[in-house]
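The values are calculated or read from the model by the stated rules, or taken from the named source; none is laboratory data. These figures come from a predicted structure and were not determined experimentally. Note: ideal-geometry Cβ built from the backbone for every residue, glycine included; neighbour counts use all protein chains shown. These area figures cover heavy atoms from the full protein model, side chains too; ligands, DNA and RNA do not enter into them. Shrake-Rupley method; radii C 1.70, N 1.55, O 1.52, S 1.80 Å.
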Amino acid sequence: MHHPFTPVAAVPADPRKARVHEEGWQSWSPSGTYALGATPYRPTNANWATVCYRPGVTVPAGTFQGEGLLALDPGDGSPVRLWAAAEPTREVPSIRLAVRDGVAEIGADGPVKEWTGPDIQSVLGEWARGLGLDAPRPAPTVWCSWYEYFTAVTEDDIHENLRAMDTLDLPVDVVQIDDGYQRALGDWLTLSGRFRSRAGIAERIRSRGRRAGIWTAPFLVDPASDLAAEHPDWLVRDTAGGFAHAGRNWGHDLRVLDTTHPGAAAYLTEVFTTLRAEGYDYFKVDFLYAGALDGVRHADTDALTAYRSGIRLIREAIGADSYLLGCGAPLLPSIGLFDAMRVSPDTAPHRRPEADDYSQPGQDPAEFTGAARQWQHGRLWTNDPDCLMARPAVETRERWAAHVESTGGLMASSDRLLSLDPWGVETTRRLLTKA
């Protein structure tokens, strides 16, 4: 539900020195600070607009727009001004800035409050501190299967790297199995042919003194899954009666689990209580934007309320002691629900993103948005800058490692550990040791 924009402020701005900070909608949405004459990063196709930006929201040319947060450094020595959502977990207005005749005109489509401070990062940090959240608990160190094996990961790959952690003396707390163990998105408890036993691999990880972690995309449903075939009433609908569209990925037009439906809620609880009972206590929940998409749900509730209730259901199922990492998540609606949060697009073995779209995997966009969201670290959650990749095949690996280290956030390795050269082993060990 989008409302008309109303004027909020008009601020004289130095066209050469002024800077604007846009806060993107979710983990992968570009966020950063721009000169007044710069062109901010925008989606380069309609699918990425749904999957990686705020769906249904377009921005006029020549306009800056933050989702719930927008800051202006006027560049004339006067304080930085921040306009922030009045109730960020309930309503996230879009906030726009356009310059006319040397004056920055700010408008919003919902209620905002104004803050001032000496610079952009500090005023954002003060706003976050003002929310009064508890400091996040210390993050474990992690090894993750994704950036080496992607969806082709096998149980034997996990075993190999588990042995290599001992051989190389790497201080890994959590061994996290990523996408590929399950047969289909939505059928989380049905294994792909590459895994023999989820409980068995968790037990092996724990027998070596480490914790077992696992990936899910809890709100996404593959139309070819058993869940979609057997329970179409568990899926969010659009206003025309079809299925709500969560974008295209993995070669499928994805659907959305309606966690306000009692059957779907019970199923999601079963998935996470089962994984917890099998010995997993570190959960990466991904593609969470889907849970906040507009649509027709079983309960007559708004999308952000449905999203937060879905995350709370997961937290209740895994227990307070389990570690919960969000990714692809609408950021302001996630406040207060997570231990750690991905604050950037995916990294990659290469620097530049596809089509130069700064929501897409690449070291450049991951650094750009990750650095701009450093103010969130330790205030809203532990920042996850995405995984270290230190193997020789990774482009500019030294620069990427320096970025990950500089954040002080969640430290996770994602290489086939036996492929590391001496620099890679030493760098991986050093970053995991510092965490």
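Cβ-Cβ contacts under 9 Å between residues 6 or more apart (or on different chains), taken from a first residue in region 42-53 that is in contact (Cβ under 8 Å) with a residue 40 or more places away in the chain and farther than 18 Å from residue 369 by Cβ to a second residue that is among the aromatic types (Phe, Trp, Tyr) and surrounded by 19 or more Cβ atoms within 10 Å (Cβ to Cβ), are listed as 50/289. Among the residues of region 56-69, those identified as under 20 Å from the mean Cα position of the chain (by Cα) and surrounded by fewer than 21 Cβ atoms within 10 Å (Cβ to Cβ) are 56, 57.
Within region 233-251, the set of residues being buried (at least 18 other Cβ atoms within 10 Å of the Cβ) and under 22 Å from the mean Cα position of the chain (by Cα) comprises 236, 244, 245, 246, 247.
Here are the criteria: (1) assigned to a helix (DSSP H, G or I); (2) among the aromatic types (Phe, Trp, Tyr); (3) open to solvent by 10 Å² or more (accessible area, probe 1.4 Å). Tell me which single one residue 375 does not satisfy. It fails just one condition, (3).
Every residue, every condition in (1) under 28 Å from residue 249 (Cβ atoms); (2) touching a strand residue (DSSP E or B) at 6+ places or on another chain (Cβ under 7 Å), yes or no:
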| residue | (1), (2) |
| --- | --- |
| 138 | no, no |
| 145 | yes, yes |
| 152 | yes, no |
| 157 | yes, no |
| 169 | no, no |
| 176 | yes, yes |
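None of 139, 135 is within 30 Å of residue 181 (Cβ to Cβ) and open to solvent by 10 Å² or more (accessible area, probe 1.4 Å) except 139. When the residues of region 327-343 are filtered to those that are within 16 Å of residue 138 (Cα to Cα) and small (Gly, Ala, Ser), the one that is surrounded by the fewest Cβ atoms within 10 Å (Cβ to Cβ) is 336.
Exactly one residue among 16, 42, 81 is more than 27 Å from the chain's Cα centre (by Cα) and either among the β-branched types (Val, Ile, Thr) or open to solvent by 40 Å² or more (accessible area, probe 1.4 Å) (or both), and that residue is 16. Within region 353-371, take every residue that is closer than 15 Å to residue 42 by Cα and assigned to a loop (DSSP other than H, G, I, E, B) and give me the one that is most open to solvent (accessible area, probe 1.4 Å). Once the filter is applied, the top-ranked residue is 361. Against the conditions (1) touching a strand residue (DSSP E or B) at 6+ places or on another chain (Cβ under 9 Å); (2) open to solvent by 60 Å² or more (accessible area, probe 1.4 Å); (3) not hydrophobic (A, V, I, L, M, F, W, C), residue 110 satisfies every one except (2).
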